[in-house]
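Contents: one structure, followed by commentary.
Please treat every number below as a calculation from the coordinates, not as lab data. Remember, predicted model here, so these are calculated numbers, not experimental data.
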Amino acid sequence: MESDQPKTPTVAARRRPTGVTLLAIGVLTFAGINLLRLVGSLQQREFLAGLLPISPFYLSISGLVWLVVGCILAWGLWLGRRWAVRATLVGALAYSLYYWIDRLLLAAEKPGYNWLFSLVTNLLLLGIVFWVLNNRKAKIFFGELNDR
């Protein structure tokens, strides 16, 4: 006896696009880097206190925040949660803004610091995130398009 309900693939049955898989792994790597930031700042707080113009707990707190955000986003991307698309786009923009505020206001300007390279890399990474999440296969995977 067959059901009258339409056949729609479950999240587990949908094939995750390669770009989404790589993006999820990249976001998880980003979370891992922030775990290292958190642990390192806690282990080296005395050294950092003498080196930084601000409290080393800034490094700990920001590392913890981006660790949690990265893990949540990677989980949502991996499982194909619809909210993960918008959250990842917002998270990428928020991290970009945080990065530039941190660099421009808190980091000491060093001779040879290549801000142009950082800007181009930042824009390139944002473009990749937007492209991966807005292509047709990703939209189908996240349930934004219903046709196959």
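For region 18-141, the relative contact order is 29 percent, taking Cα pairs closer than 8 Å that sit 6 or more residues apart in sequence and dividing their mean separation by the residue count.
Dividing the radius of gyration of the alpha carbons in region 18-141 by their Kirkwood radius gives 1.02 for Rg/Rh.
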